[in-house]
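**Q** Have a look at this one before I ask anything.
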Amino acid sequence: MTKALSVLLFIPFLVVTVLAFAAVIRRLLGVRVGPGRTLLAAILATVVTSPVLAALAPPDPASVSAAEGMLLILAAASVSALIAMVVVVVLEVLLPAGTLPGPVEAWRGTRRRVDRARRYSAIVRIALRHGLGRFLRGQGRGPTSAAARRRLARSLRDALDEGGVTFVKVGQLLSTRRDLLPAEFVEELTALQDRAAPVPWSELTLDTSAFAEVDREPLAAASVAQVHAARLTDGTPVVVKVRRPGIATVVERDLDILLRLADVLEARTSWGRSFGVRALALGFADALREELDFTVERDNLQTMAAALASSPRRGVEVPYAYAELSTDRVLVMRRLAGTPLGAASPVLDGLGDARRQEIAAGLLDSLLDQVLVHGIFHADLHPGNLLVATDGSLGMLDLGSVGRLDAVTRSAVGRLLAAVGQGDAVGACDALLDLSDRSGEVDERDLQRALGMLLVRYAAPGSSAGVAAVSALLRTFTSYGLGLPAPVAAVFRAFATLEGTLGLLRPGFDLLAAARDSGHRRLTETFAPRVLEQELLALLPMMRGLPRRLDRLGDAAENGRLRLNVRLFSDDQDRRLVTGLVHQALLTVIGAAAGVMAAMLLGSGDGPRVTTTIGLFPILGYGLLIISVVLILRVLVIVLRRD
């Protein structure tokens with residue numbers, strides 16, 4: 001009974017002792033240490049306290065008074081805490097905090113790696129099942145006949161469709177690149193835009209109580225959702241966009257693979273760093289996540305409708321969204337009359353070439369209004385996202401993917417378009433530098449000459465290069481170490497996608513010539529008397545206060561009261577450089593001091609006995625010697641390493 005009571009009393013005492021050591025260690029170190037390391041150090045301190053106390057105590061414990069005993073216990077606890085703190089510091093040097101994940105993170109990471117491996121395996125199996133394995137090995141030869149190209153294109157479309165939303169998005173982009181792909185591939189990949197495999201009605205989650213009727217057969221099935229025709233209780237025709245079940249999990253897994261690939265490219269390739277591959281991948285991932293949340297598309301529809309209403313009539317509209325009936329998984333919109341552009345050839349043929357030219361120009365002007373005036377634009381205007389009515393008016397669908405630009409970026413994009421229209425290489429260079437992210441020094445004169453050559457080749461009157469000019473511009477960015485922020489990259493992507501769409505609206509449509517004409521009109525409107533009057537009225541308050549401010553500056557300079565405040569180390573790179581140098585100096589000093597202390601301890605005899613054959617001073621001396629060698633070697637590695 002007495003023994004059991006002693007055990008019950010010892011356990012709380014042990015817990016209190018460990019917690020007290022943990023609190024003392026964290027307080028003395030002065031930095032936040034993880035709970036795992038703190039607990040490990042506290043347990044170590046508790047374990048070594050008894051041997052340290054035995055080493056410090058005299059041979060005859062009976063001769064020790066109560067006061068001396070308390071001092072010995074305090075000294076043993078202090079030495080034990082010091083040993084535990086040294087262990088924590090050594091662990092921080094060898095394994096910095098965050099290097100090893102915790103148990104929960106390790107379990108989740110293992111599950112993610114297993115899921116990722118399964119996804120890799122599934123992608124390879126899909127390619128093999130559709131006869132694309134030889135291309136994965138780099139041994140495939142291109143088809144030589146139209147029938148063979150059509151079979152390969154059909155296999156590629158089926159593989160992309162089965163691969164999931166990320167691969168469908170790639171196929172959608174490729175379907176607009178008629179300059180790169182044969183007609184057979186473009187025709188097959190266009191099917192990915194509105195004819196993906198539908199999900200059975202029984203697997204969808206949809207509350208039908210707000211509708212008088214819902215057609216269970218989908219109007220269209222896209223990569224993220226499928227659309228069903230319905231009628232509200234008042235008879236209004238609507239369409240219901242329902243998200244595919246389980247698509248969010250698949251997208252997150254694919255985006256994880258995509259972002260890891262972007263990290264590898266940016267870390268191991270110079271073009272990946274200069275082009276900002278990770279930033280672009282993050283922008284694509286954010287856009288795709290927005291597409292999965294239909295409340296974002298609902299808000300985009302409302303914002304875009306207001307923007308189109310405030311612009312001149314371009315013949316483009318968006319459907320009205322019923323916010324009260326929509327959720328993050330379901331979007332209810334008024335149904336627009338029309339035929340998808342990919343199947344609207346009979347409608348367009350009946351309108352005549354002049355009307356088709358007008359429709360295409362109106363769509364281009366609408367996108368320019370969205371980019372330059374409103375700062376919100378449809379970033380994925382492929383043919384599947386446009387409806388053509390019998391009168392030629394257009395309806396924009398699928399606003400889950402939109403781009404947004406701030407006023408400064410919109411101004412730079414406008415200056416770039418104006419400079420291209422005027423053949424001004426200097427103005428185009430200035431605008432591009434304002435739009436880009438610089439990773440180092442740029443030879444601006446050489447960049448101006450390169451842009452001048454591009455303008456002569458692609459932007460001269462009579463040129464019809466189209467998207468090839470965008471590709472050449474992006475290659476120029478890469479060669480000069482410039483990167484595009486994600487919103488600016490979305491602008492280039494929008495115009496590259498739009499070219500294929502405009503080609504369906506009006507075969508042979510000259511995108512660059514129409515953009516130049518639109519730029520001239522906008523430039524004329526900019527210098528209209530009404531616009532100039534508004535700008536002068538906006539500048540008037542600043543101009544009125546300018547003489548007073550100049551007088552104050554002159555008076556302060558004359559009387560010696562003018563001061564300049566410069567913030568040192570305001571740049572992150574400067575702070576990191578100075579911090580690294582200080583850390584190296586501290587490591588050198590601490591390593592040298594530890595070496596000196598080790599030499600002194602090793603030359604001072606054995607000191608108090610830890611065991612019958614081992615003294616305390618040699619243990620501390622050799623420990624400090626190891627710490628000194630590790631720190632000095634760490635500094636030498638940093639000094640001798642060449643990046």
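None of the figures in this text is laboratory data; all of them are computed from the coordinates on show. Given the structure is predicted, the values throughout are model-derived calculations rather than measurements. We place every Cβ from the backbone using ideal geometry, glycine too, and count neighbours over all the protein chains shown.
**Q** What's the extension gain from residue 433 to residue 108 if we count 0.36 nm per residue and subtract their Cα-Cα distance? Spell out each step's value before the answer.
**A** On the way: separation 325, 0.36 × 325 = 117.00 nm, distance 4.24 nm.
Full-extension gain reported as 112.8 nm.
**Q** Would you order 548, 575 from fewest to most other beta-carbon atoms within 10 Å of each residue's own beta-carbon?
**A** Fewest-to-most Cβ neighbours within 10 Å comes out as 548, 575.
**Q** How much length is gained on full extension from residue 89 to residue 39, taking 0.36 nm per residue of separation minus their Cα-Cα distance?
**A** That works out to 16.6 nm of additional length.
**Q** Taking the mean number of other Cβ atoms within 10 Å as a proxy for protection, how do you rank 300-310, 556-566, 496-506 from highest to lowest? Don't jump to the answer; show the numbers that get you there.
**A** On the way: 300-310: 16.5, 556-566: 7.8, 496-506: 22.3.
For the peptides 300-310, 556-566, 496-506, the packing ranking is 496-506, 300-310, 556-566.
**Q** If I model a spin label at residue 542 and residue 358 as a point 7 Å from the Cα along the Cα→Cβ vector, what separation in nanometres do I get?
**A** Going by the 7 Å Cα→Cβ label model, 4.1 nm.
**Q** Mind giving me the FRET efficiency for residue 54 and residue 606? R0 is 22 Å, r the Cβ-Cβ distance, nearest 0.05 is fine.
**A** The formula returns an efficiency of 0.90 here.
**Q** So if each residue of separation counts as 0.36 nm, and I subtract the Cα-Cα distance between residue 561 and residue 597, what length gain in nm does that give?
**A** Here the answer is 7.6 nm.
**Q** Further, regarding this structure: Report the calculated FRET efficiency for residue 183 and residue 120 (r = Cβ-Cβ distance, R0 = 30 Å), to the nearest 0.05.
**A** Computed FRET efficiency for residue 183 and residue 120 comes out at 0.40.
**Q** Continuing with the same structure: State, to one decimal in nm, how far the label point of residue 65 lies from the label point of residue 552, with both points 7 Å from Cα in the Cβ direction.
**A** It works out to 7.5 nm between the two label points.
**Q** Given charges of +1 on the Cβ of Lys and Arg and -1 on the Cβ of Asp and Glu, with all other atoms neutral, how large is the dipole of the range 398-456 about its Cα centre, in debye to the nearest 20?
**A** 160 debye
**Q** Which of 401, 393 has the fewest other C-beta atoms within 10 Å, and how do the rest follow up to the most?
**A** So the residues, fewest neighbours to most, are 393, 401.
**Q** Follow-up. For 169, 241, which order do you get if you count the other beta carbons within 10 Å of each Cβ and list the fewest first?
**A** So the ranking, lowest neighbour count to highest, is 169, 241.
**Q** In a solvent-free Debye calculation with one equal scatterer on each Cα, what is log10 I(q)/I(0) for the range 577-640 at q = 0.16, 0.28 Å⁻¹, listed in the order of the q values?
**A** Evaluating at q = 0.16, 0.28 Å⁻¹ gives log10 I(q)/I(0) of -0.56, -1.05.
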